[in-house]
Structures are given as structure tokens and as C-alpha cells.
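S.K.: Pasting a structure below so you can have a look.
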Amino acid sequence: MAISKVLISGASIAGPALAHWLARAGTSVTVVERAPELRAGGHNVDVRGAGREVLRRMGLEQRVLAHTTGEEGTRFLDERGRVLGEFPASTSQTGGPTAEVEVLRGRLSRLLVDSCDGLPGRVEWRFGDQVAEVDDTGDDTGGGVDVTFASGARERFDVVVVAEGLRSRTRRRVFGEGHVRELGAYCAYLTVPREPGDDRYWTWQVLGRGRSAHLRPDDEGTTRGLLTFLSDVPGLDELEPRATAHVLQRLYAGTGPVGERLTAALDTQPYYVEALGQAVLPRWSRGRVVLAGDAAHCASPISGMSTTLALVGAHVLAGELTRPGASPAAALDAYERVLRPLVDAAQKLPPGTPRIGNPRRTAEIRVLGALVGLASSRAVRRLKLGEKLIAPPADAVDLPVYAHLA
Ligand SMILES: Cc1cc2nc3c(=O)[nH]c(=O)nc-3n(C[C@H](O)[C@H](O)[C@H](O)COP(=O)(O)OP(=O)(O)OC[C@H]3O[C@@H](n4cnc5c(N)ncnc54)[C@H](O)[C@@H]3O)c2cc1C
């Protein structure tokens, strides 16, 4: 049974990338996004290895390269602002804390959406709506998935793809609760005015008691700020914004210029707090409902791999669903078979993370300092140890060539 009409829920990275590939094959695609418009927020995301190959196959590599953030490397500071070590940006397509392709998430999302124009299949974008109910009556011979939207509209699709990110509601509705492995850390993302001292490096300052503060350059004349801290307390990402700002300002009080600059900005700048976690599911599909991107296999920002996984997964899922003669069940089996090894490798985080990058005690800061100092020393740098130590497995996939999508 040919798949001709697909619903994708979520328009960030996985959703638009999948819409692109399905539309190339002539499939009619509807993308529903809960937000009222394409979300522009977010910091740098990395595209590595096989993810870069997918951009190349989409014809987007050069456009993305024209919009990288220009980050020149990563510099670690201790709590007094002393440099522990520096890593220049990677020159390989996989390794190093600063990847060769660092692009703002919102920019990449926009490029992916725009890339759907003019393809053989029609892509309809519906903002400000979401899936309310799903009734899957499809099998390999026919039927489909009846979807009721929050707006009240009802429609039947051949396949529904859930690309709603780590904390997806539709995944919860169809696959049940309990598929997130919490990592015991939070990130708060914000954008601040650029100051004269801000350079083209990612500044990563460890502040003790499990706290770090980060400054990263962007290509929009501002500086991206990030606060990361260890905490097992659940729900800090669900507080109302004033309360979150208050907690963070108390937490970072007295930590010095970087932490205090960022927490002061919480009073005036929009920000976004997330609890770090990984999505872990034994299978990414149930009937004709299938998960993609972070909703399926978020590896966490620590992995540097979630965007690469989303791009590769979208390509594989579309390639299999539109393969001439393939049944939905066979396509979804193949999606698992091709992508699992890459996801399994990406979800294995370096030992000690997230704790090692957010040390609690002075002794732990010293250990991090010794490691970073050694790995970034000139002698060891020649061995490219930094790139080898921080080398996400971005090529751990046997990426099929989908001639029907070429
Ligand atoms: C605003 C934002 C900022 C981010 N910033 C960073 C960052 O700075 N660094 C980083 O490493 N990663 C960031 N990420 C996560 C990063 O984009 C992903 O890890 C990765 O690229 C995989 O993307 P995804 O499309 O699978 O999921 P996500 O990027 O999480 O996108 C999920 C999309 O689904 C939408 N959605 C959620 N629920 C529903 C629903 N019920 N119905 C319809 N739509 C829904 C969301 O609004 C979002 O657009 C950010 C994500 C978002 C949404």
C-alpha cells in the first residue's frame, strides 16, 4: 500500500527535514506545530558526520555553511576566570567540542522549511494547532490514522509522525509514560547584548556547586548565554518565568561577571529552561504512528548529536516509507534497523557527564582543569586528543543511498 498522505507533528528540525524528503518523493505532507509561528529561539546546534552528508544530499550544505556562527573554539575557565585550556574549532567533520558546522537552531529550522518549496509533493504548514486524539485503524492492506486536532478538525492520514521533541505529548498519548531518562541537570538558554570583551570563542566557566555559565558567539551581533546546573529536583522547567529567574539569580549569586551578567539578563530577556534527558524506547513505532527526532531518541545537548540524529533519522524514515513496493510495516522495521546503531552509540555519553563539566567541589574543578589542560596542551594538541576525546560517533551508520529520493 503506497503512502501518499502523512501528518508530521512538530516543526523544528526533524519535522521539516522529514517533510522535505517526503515531498521530494511526491508525498502530500501536513506539518502541525503547536507554536503560533516557526520558533526562532535556541543556540548553536552541531551538524556532524552523517548529518552533514544528509544536508549535502538535500542540496543544503552550502547554504548552512554560509550561516554558521563563526565560533572559533572552546575555552574552559575556572571559578576565578583563569584559563584551564582551549580547543580550537574542529577541522574534522565529527570531533571536538566546537564542531566544524555550528549553526543557530532557528536558522537551520528556517532553511529546512524553505527547502520544501517547489518540491513535487505539497507541504502544508499549520501553526497554532496540535493533535488532540489519534485513532489508528491502519494495517498493511489499508485503513489509516484518524486524527482530531485541538482546533476540532478531523482528518485521515496514512502515517502520523511525531516530531515533538523530548517531552512530546502525542508520544505520551500513544506510547504511554516513562520514556525519558533524566540526567539530573538543567540548561537555561538566553540571548544577551554583545559586550566588547566577548570574542569568537565558546567560554565555558565552571563555578563549583554543579554550576557553569557559558557565552557563545552568534552571527547575529548578539551573544548566546547558557546556564547549566546539576539538580535532581524535578519541575524547575515548569515554574512560571519570574520564579525561575528568582531561583537562578539566587543560585548564581556571587559567582562573578559571567554568571551574574546572564542571571541579571533574565529580568529583561526571554529565556528557555529545559531539564536534560534522553528519550529511550524499545521501538519507535506503534502501528502507523512513528516517532522521529528527539521524541524518538533525544541524546541530550551534551551528546552534540541530537540534530545530527534528527537529520539522519528523517532521511532514513522518508527513504524507507517511500521505497517503491515497501509496506508500512517493512518500512518501519527498516527505519529501526538502519538508525538504531547510530542512536545507541550517540546516547552513550562520555563517562561522568553531566557532572564532569559542572563540577561540585574544588577537587573536581582541579581534576577537570588537569584533564582540559593536558588535552589542550600544544604537545598533546598535535595528536588531536581533544577531537578524539570529544568525538561523537556521527559516522556510526551505514547510510543507505535512496535512489528514489535523489
Ligand atoms: C525553541 C528551541 C530551542 C532549542 N535550543 C537548543 C539549543 O540551544 N541547543 C541544543 O542543543 N538544542 C536545542 N534545541 C533542541 C534541538 O532542536 C533538538 O535537540 C534537535 O535538533 C532535534 O530536533 P527535533 O525537531 O527532533 O525536536 P525539537 O527541536 O525539540 O522540536 C520539537 C518541535 O515540536 C513542537 N511541539 C512540541 N509539542 C508539540 C505538540 N504537541 N504539537 C505540535 N508541535 C509540538 C515544538 O514547538 C518544536 O517546534 C531547541 C529546541 C527548540 C524547540
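S.K.: Going by the structure shown, is THR74 within 13 Å of the ligand (Cβ to nearest atom), over 19 Å from the mean Cα position of the chain (by Cα) and outside any helix (DSSP H, G or I)? Give the derivation first.
M.R.: Working: within 13 Å of the ligand (Cβ to nearest atom): no; over 19 Å from the mean Cα position of the chain (by Cα): yes; outside any helix (DSSP H, G or I): yes.
Against the criterion (within 13 Å of the ligand (Cβ to nearest atom), over 19 Å from the mean Cα position of the chain (by Cα) and outside any helix (DSSP H, G or I)), THR74 does not qualify.
S.K.: Given the residues SER300, SER306, which is the only one that is within 16 Å of the ligand (Cβ to nearest atom), of a type in the set (Ser, Thr, Tyr), under 20 Å from VAL45 (Cβ atoms) and open to solvent by 10 Å² or more (accessible area, probe 1.4 Å)?
M.R.: Answer to the check: SER306.
S.K.: Just one of ALA292, ALA331 is closer than 22 Å to THR27 by Cα, open to solvent by less than 30 Å² (accessible area, probe 1.4 Å) and more than 9 Å from the ligand (Cβ to nearest atom); which is it?
M.R.: ALA331
S.K.: Mind listing whichever residues of the range 114-167 are at pLDDT 95 or above, more than 28 Å from GLY59 (Cα to Cα), touching a helix residue (DSSP H, G or I) at 6+ places or on another chain (Cβ under 7 Å) and away from the ligand (no atom under 11 Å from the Cβ)?
M.R.: Of everything in the range 114-167, just one residue is at pLDDT 95 or above, more than 28 Å from GLY59 (Cα to Cα), touching a helix residue (DSSP H, G or I) at 6+ places or on another chain (Cβ under 7 Å) and away from the ligand (no atom under 11 Å from the Cβ), namely VAL134.
S.K.: Quick one: would you say ALA17 is among the small types (Gly, Ala, Ser) and at pLDDT 95 or above?
M.R.: Details: among the small types (Gly, Ala, Ser): yes; at pLDDT 95 or above: yes.
The answer is yes for ALA17.
S.K.: Right, next: With surrounded by 14 or more Cβ atoms within 10 Å (Cβ to Cβ), more than 30 Å from ASP158 (Cβ to Cβ), of a type in the set (Gly, Ala, Ser) and within 16 Å of the ligand (Cβ to nearest atom) as the only criterion, which of GLY208, GLY225 stands out? Quick ask: steps written out before the conclusion?
M.R.: Details: GLY208 fails: within 16 Å of the ligand (Cβ to nearest atom).
Within the list GLY208, GLY225, the selection yields GLY225.
S.K.: Considering only residues that are open to solvent by less than 20 Å² (accessible area, probe 1.4 Å), closer than 30 Å to ARG209 by Cα and of a type outside the set (Gly, Ala, Ser), look in the range 168-192 and name the one that is nearest to the ligand (Cβ to nearest atom).
M.R.: Restricting to residues being open to solvent by less than 20 Å² (accessible area, probe 1.4 Å), closer than 30 Å to ARG209 by Cα and of a type outside the set (Gly, Ala, Ser), the top hit is CYS187.
S.K.: Being of a type outside the set (Asp, Glu) and over 22 Å from SER168 (Cα atoms) is the requirement here; does PRO257 meet it?
M.R.: On the way: of a type outside the set (Asp, Glu): yes; over 22 Å from SER168 (Cα atoms): yes.
Spelling it out, PRO257 is indeed of a type outside the set (Asp, Glu) and over 22 Å from SER168 (Cα atoms).
S.K.: Run TRP202 past the list (1) modelled with pLDDT under 95; (2) assigned to a loop (DSSP other than H, G, I, E, B) and report the number of the one that doesn't hold.
M.R.: (2)
S.K.: Follow-up question, since we're still on this one. Quick check on my filter: what residues within the range 352-378 are among the small types (Gly, Ala, Ser) and either in contact with a Gly (Cβ under 8 Å, 6 or more places away or on another chain) or in contact (Cβ under 8 Å) with a residue 40 or more places away in the chain (or both)? Walk me through how you get there before you give the answer.
M.R.: The initial filter retains those residues of the range 352-378 that are among the small types (Gly, Ala, Ser), namely 352, 357, 363, 369-370, 373, 375-377.
GLY357, GLY369, GLY373, ALA375, SER376, SER377, listed by residue number.
S.K.: For residues that are touching a residue at least 24 places away in the same chain (Cβ under 8 Å), outside any loop (DSSP other than H, G, I, E, B) and either on the phi > 0 side of the Ramachandran plot or open to solvent by 40 Å² or more (accessible area, probe 1.4 Å) (or both), tally how many sit in the range 113-132.
M.R.: The first filter runs over the range 113-132 and keeps only residues touching a residue at least 24 places away in the same chain (Cβ under 8 Å), leaving 113, 115-116, 119-131.
Checking which are outside any loop (DSSP other than H, G, I, E, B) leaves us with 113, 123-127, 131.
Then keep just the ones that are either on the phi > 0 side of the Ramachandran plot or open to solvent by 40 Å² or more (accessible area, probe 1.4 Å) (or both); that gives 124-127.
Adding up the residues that qualify gives 4.
S.K.: While we're on this one: Tell me which residues, restricted to the range 218-241, are closer than 19 Å to ARG360 by Cβ and of a type in the set (A, V, I, L, M). Full working, then the answer.
M.R.: Step one: filter the range 218-241 for residues closer than 19 Å to ARG360 by Cβ, giving 226-233, 236.
If the condition is that a residue be closer than 19 Å to ARG360 by Cβ and of a type in the set (A, V, I, L, M), then LEU226, LEU227, LEU230, VAL233, LEU236 are the ones that fit.
S.K.: Among the residues of the range 153-182, write down those that are in a loop (DSSP other than H, G, I, E, B) and farther than 15 Å from ALA299 by Cα. Outline the logic, then answer.
M.R.: In the first step, residues of the range 153-182 are kept if they are in a loop (DSSP other than H, G, I, E, B); the result is 153, 158, 163-168, 176-179.
Across the range 153-182, the qualifying residues are ALA153, ASP158, GLY176, GLU177, GLY178.
S.K.: Taking the criterion of being open to solvent by 10 Å² or more (accessible area, probe 1.4 Å), in a strand (DSSP E or B), within 14 Å of the ligand (Cβ to nearest atom) and among the β-branched types (Val, Ile, Thr), would at least one residue in the range 35-53 satisfy it?
M.R.: Checked against the condition, which is being open to solvent by 10 Å² or more (accessible area, probe 1.4 Å), in a strand (DSSP E or B), within 14 Å of the ligand (Cβ to nearest atom) and among the β-branched types (Val, Ile, Thr), the range 35-53 yields at least one hit.
S.K.: Does ALA275 satisfy the criteria of being under 21 Å from the mean Cα position of the chain (by Cα), open to solvent by less than 50 Å² (accessible area, probe 1.4 Å), within 30 Å of ARG171 (Cβ to Cβ) and of a type in the set (Gly, Ala, Ser)? It would help to see each step written out before you state the result.
M.R.: Details: under 21 Å from the mean Cα position of the chain (by Cα): yes; open to solvent by less than 50 Å² (accessible area, probe 1.4 Å): yes; within 30 Å of ARG171 (Cβ to Cβ): yes; of a type in the set (Gly, Ala, Ser): yes.
Against the criterion (under 21 Å from the mean Cα position of the chain (by Cα), open to solvent by less than 50 Å² (accessible area, probe 1.4 Å), within 30 Å of ARG171 (Cβ to Cβ) and of a type in the set (Gly, Ala, Ser)), ALA275 qualifies.
The values are calculated or read from the model by the stated rules, or taken from the named source; none is laboratory data. All values derive from a computational prediction rather than experimental measurement. Glycine also receives a Cβ, built like all others from the backbone with ideal geometry; neighbour counts cover every protein chain displayed. For accessibility, only protein heavy atoms count, side chains too; no ligands or nucleic acids. Shrake-Rupley method; radii C 1.70, N 1.55, O 1.52, S 1.80 Å.
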